[in-house]
Amino acid sequence: MQPIDCHECGTAVLVEKFSVPHTSVQWLSDSASACPRISQANANGEGGLCGTTGLSCSSLRSTIDEAVRQGRIEIGGRVEPVIGQLG
Amino acid sequence: MTTEMTAQKDVVEIDLDDSDEVRLIDSGKNPTRYARGWHCLGLAKTFRDGKPHSIEVFGTKIVVWADTKGKLNALDAFCRHMGGDLSQGLVKGDEISCPFHDWRWGGDGKCKAVPYAQRVPMRARTARWETMEQNGLFFIWNDPQGNPPPADITIPEIPGYGTDQWSEWTWNTFVVKGSNCREIVDNVVDMAHFFYVHYQMPQFFKNIFEGHVAAQHMRSTGREDIKTGVQFDLPDSETISDAAYYGPSFMLDTVYTVAGDTTVETKLVNCHYPISPDSFVLQFGTSVKTVDGVTPEKAAEMAALFTEGVETQFKQDVAIWKHKTRIENPLLTAEDGPVYQLRRWYEQFYVDVEDITEDMVARFEFEVDTTKALESWAVEVQDNIEKAASAAE
C-alpha cells in the first residue's frame, strides 16, 4: 500500500488501487479523532446504526482521486496483507 | 560490461501463466475456542413460557429460563451435584430445579437450596453467562477469559423498536453441520456470491472494518432472470443495504427497497452461534417498518414475503457450505472483496484481549470494482431470459 496525506486535514493513511473504481484504505490512526469530518459526524450521531463505520470521508476520497490522476498513486495488482502488520 | 547489460541480465522473466505449479489448498483447522462476544440465541419472548430451554452452544449445553421478574438467565446445563441436566428440570420461582435431586440454582450461578439437605455445600457455584436483551432478541456473552462484557461492545438499539412502527420479527433457524461458522462471516466481503447464490446484482459494494464492527454497504438490483421475495415483487426495484456485524456473530442490516415513489425499510438480522467447532445455528429475522402508508398488516405480509426470499437465499448458502472445504488461502481476483482483511478483523474475537493487534481493529475500507462483473452478468441474465423465452415457445 502507498502512503498519502489527506489534502484537507493531513491525516496519513495507506492506499491501494487495483483499478480506477477500486479503492482500499488502511487507516493508521483512530478515524474518529484524526479526521475532522468523521469526528464531526460522530459528534452529530450520523451514520445510522453502525455510526461512522458506515461513513466515508469525501476529502480523503478526493485526495486519493487527485493523486491517481496525477500518477502519484499507482494502480497495481492485488497483494494480500501481511497478518500482524497494518497495510 | 555496461551497467545496462548487467541490469538486463539480472531481470528474471517469470510468466506466471506458464508455470505448471498447481496451487494447493490450505484447509487449515477449525478453531478450538469460541469467539468472544455477544451471541444471539433467538427471540426473547420464546424463552418466557415458564419452561427451561436447552441450548447446545460453545461445545456445551446451557439452560435458559425466565425468573419471576421476567429476567432471562443462562447457566451451564449440568448440575454440579451429580451432573443432571437442568434443562430437563422445572422452573421453581426464580430458580431452575434439577430433575435428578431437585437442587435449585439461581441466575447468579449459586445453588440456592437443596430441599432434602440441612445446608447447601461449599463452592456450590456453577458457570453462568451474562445475558442481555436488545430489540426483542436475547443475547449471551461469551468470553473464554471470563471477563465481563465491556460497555462499548454492544448491539445497537433499533429506533422505535417495540412500538407499532415495526412489524413483529419473523424468525427462522437452520442447523448447519460440517462447517465452522467462519463460512457465514466470510460472506460479508463476498461481492460475487451475491449474484450466484443470492440472485442480486451488486452495483456498489464497500466494506469498512473498524474496532469490533465490520460493515458492508451494498447497492444492488435483483436479477431479471431469477426473482426472489426480497424485491417484494416491486418492478425495477433497487436495494440499498447497510449491514454490519457487531462482534463475531450478530449482523444487523438496514435494507431500503426503492421502486419509483415507494420505499420499504426492512431490518434484517443475520446471526449465528456455534454448537461445536464444525457446526452452528444460523438464524435470521426480518421486520418491516410500518410508516409511510404501510399498515401493520401490510408490513407483516411484506415481512413474510421478504423472509421467504431470504430463506431461499440462505438455503443456497447452506448447500454451498455443506459441500465446500475450509480454505485458509483463497485465490482472489481484483474484483473479489477483502477476505484476508476480514479474517484479520475476525481473529480479534479468537485471541485474548491483550493479544489483539492494531491491524485487527484499525479502520480499513475496501470498495470493490463491480464494472466487469456487471458487464458479464448483464450478458448472462439476458441470455437466460432468451433461453427461457425460446423454451416456453
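Readers should treat all values here as calculations from the given coordinates under stated rules, not as data from a laboratory. Quick caveat, the model's predicted, so the values are computed rather than measured. Glycine also receives a Cβ, built like all others from the backbone with ideal geometry; neighbour counts cover every protein chain displayed.
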- Query: Going by the alpha-carbon gyration tensor, a ≥ b ≥ c the square roots of its eigenvalues, is chain B rounded (a/c under 1.5) or, if a/c is not under 1.5, prolate (a/b greater than b/c) versus oblate?
  - Reply: oblate
- Can you list the residues, at least 5 places off or on another chain, whose amide H is less than 5 Å from the amide H of B:Asp94, using H built in the peptide plane? B:Thr68
- Message: Give me the inter-chain shielding for B:325-337: mean count of other chain Cβ atoms within 10 Å, whole number please.
- Response: 2
- Task: Might you list the cysteines of the protein assembly as shown that have no disulfide-compatible partner by the rule of another cysteine's Cβ under 4.7 Å?
- Result: A:Cys6, A:Cys9, A:Cys35, A:Cys50, A:Cys57, B:Cys111, B:Cys181
- Item | Average beta-carbon neighbours from other chains, 10 Å sphere, peptide B:366-377 | 3
- Report the Stokes-Einstein translational diffusion coefficient (µm² s⁻¹, integer) for chain A, Rh taken as the Kirkwood radius over Cα pairs, at 10 °C with viscosity 1.306 mPa s. 115
- Give a residue-ordered list of calculated ³J(HN,Hα) values for the stretch B:89-97 (Karplus: 6.51 cos²θ - 1.76 cosθ + 1.60, θ = phi - 60°; whole Hz; x for Gly, Pro). x, 10, 7, 10, x, 8, 10, 9, 10
- Query: For A:Thr11, which sequence-distant residues (separation of 5 or more, or a different chain) have an amide H within less than 5 Å of its own amide H, given hydrogens modelled in the peptide plane?
  - Reply: A:Cys6
- Item | Restraint check, B:Lys45/B:Lys71; B:Lys61/B:Lys315; B:Lys29/B:Lys61; B:Lys29/B:Lys324; B:Lys61/B:Lys92, Cα-Cα greater than 18 Å | B:Lys61/B:Lys315; B:Lys29/B:Lys61; B:Lys61/B:Lys92
- Diffing the stretch B:119-131: the Karplus 3J(HN,Hα) column from phi (6.51, -1.76, 1.60, θ = phi - 60°), in whole Hz with x for Gly and Pro, holds 8, 6, x, 5, 6, 8, 10, 10, 6, 10, 10, 5, 10
- Message: Show me the GluC sites (Glu not before Pro) within the stretch B:88-158 that DSSP assigns to loop and that have at most 16 other Cβ atoms within 10 Å of their Cβ.
- Response: B:Glu157
- Note on the structure: Here the FRET efficiency for B:Thr60 versus B:Phe174, based on Cβ atoms and R0 = 30 Å and rounded to 0.05, is 0.90
- Message: As a footprinting exposure proxy, order B:Thr266, B:Thr333 by other Cβ within 10 Å, with the fewest listed first.
- Response: B:Thr333, B:Thr266
- Amide H to amide H under 5 Å from B:Met191: which residues, 5+ apart in sequence or cross-chain, H placed 1.01 Å off N in plane? B:Gly337
- Query: When the helix-only estimate is applied to chain B (DSSP H runs of n ≥ 4, each -39,500 (n - 2.57), divided by the residue count), what is the mean residue ellipticity at 222 nm, nearest 500 deg cm²/dmol?
  - Reply: -6000 deg cm²/dmol
- Top mean-square fluctuation among B:Asp152, B:Asp359, B:Asp108, Gaussian network model of chain B, C-alpha springs under 10 Å? B:Asp152
- What dipole magnitude, in Debye to the nearest 20, does the protein assembly as shown give about its Cα centre under +1 on Lys/Arg Cβ and -1 on Asp/Glu Cβ? 2700
- Task: Please find the FRET efficiency linking A:Val82 to B:Met82, where r is the Cβ-Cβ separation and R0 is fixed at 60 Å, and quote it to the nearest 0.05.
- Result: 0.70
- Note on the structure: Out of B:Leu331, B:Leu252, B:Leu268, a Gaussian network model of chain B with alpha-carbon springs under 10 Å gives the largest mean-square fluctuation to B:Leu331
- Tabulate in residue order the Karplus-calculated ³J(HN,Hα) for the stretch B:313-329, using 6.51 cos²θ - 1.76 cosθ + 1.60 with θ = phi - 60°, rounded to whole Hz; enter x for Gly and Pro. 5, 5, 4, 6, 4, 4, 4, 5, 4, 4, 9, 7, 9, 5, 9, 8, 10
- Pairwise label distance in nanometres, A:Leu28 with B:Asn30, each label 7 Å out on the Cα-Cβ vector: 4.1
- DSSP loop (so not H, G, I, E, B), at most 11 other Cβ within 10 Å: list which trypsin sites (Lys or Arg not before Pro) in the stretch B:323-375 pass both filters. B:Lys324
- Per residue of A:12-21, what is the mean number of Cβ atoms on other protein chains within 10 angstrom of that residue's Cβ? 3
- Query: What FRET efficiency would be calculated for the residue pair A:Arg69, B:Glu21, taking the C-beta separation as r and a Förster radius of 35 Å, to the nearest 0.05?
  - Reply: 0.35
- Query: Mind checking which of B:Arg48, B:Arg182, B:Arg119 has the largest fluctuation in a GNM of chain B, springs on alpha carbons under 10 Å?
  - Reply: B:Arg119
- Amide N proximity, the stretch A:64-79 versus A:Gln2 label position 7 Å along Cα-to-Cβ, cut-off under 13 Å: A:64-77
